[in-house]
1. Starting from the Cα gyration tensor of the chain, multiply each eigenvalue by 5, take the square root, and state the resulting semi-axes largest first in whole Å.
2. Between R87 and D67, what is the spin-label point distance in nm, taking each point 7 Å from the Cα along the Cα→C-beta axis?
3. Which whole-Hz ³J(HN,Hα) couplings does the range 42-56 yield from phi under the Karplus relation 6.51 cos²θ - 1.76 cosθ + 1.60, θ = phi - 60°, glycine and proline marked x?
4. Taking amide H positions as placed 1.01 Å from N in the peptide plane, with prolines and chain starts having none, which residues 5 or more places from D67, or on another chain, fall under 5 Å of its amide H?
5. Going by average Cβ density within 10 Å per residue, which order do the peptides 36-45, 68-77 take, highest to lowest?
6. Return one whole number: the accessible area per residue of the range 4-98 in Å², for a 1.4 Å probe.
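The values are calculated or read from the model by the stated rules, or taken from the named source; none is laboratory data. Predicted model only: the values in this text are computed from it and were never measured. FYI the Cβ positions are ideal-geometry reconstructions off the backbone, even for glycines, and counts take in every protein chain you see. Just the protein is used for accessible areas: all its heavy atoms, side chains included, with ligands, DNA and RNA removed. Shrake-Rupley method; radii C 1.70, N 1.55, O 1.52, S 1.80 Å.
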Amino acid sequence: GHRDVVQSVCFSSDGKYMASGSADGKVRLWDAELGACFMTLEGHSNIVWSVCFSPEGRRLASGSADDTVRLWDAETGACIRTLEGHRDVVQSVCFSSD
């Protein structure tokens, strides 16, 4: 599991998976039924404040105290894009339903 405080959790729309973001700077993906972590997403250099699955569950967004938003492929764990330009902590991320 995480090595520091968990700041955010989000379930995929089908309820099968859960993402957690932590003060350890990592995002972890969990099998919600088994309670087992099956993937760790690394790339943020500071606290991860917020995580959110896209409506179809294929993408994941994370917001961090490193002033970035990262978009991840939830199936492979690859970072698709890093959104920079914020002047301070990103405390919340969210996808549009459409």
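1. Semi-axis lengths for the chain are 19, 16, 11 Å.
2. If labels sit at R87 and D67, their model points lie 1.0 nm apart.
3. 10, x, 6, 10, 7, 3, 8, 8, 8, 9, 7, 7, 5, x, 8
4. Answer set, sorted by chain and number: V90.
5. 68-77, 36-45
6. Here the per-residue accessible area is 56 Å².
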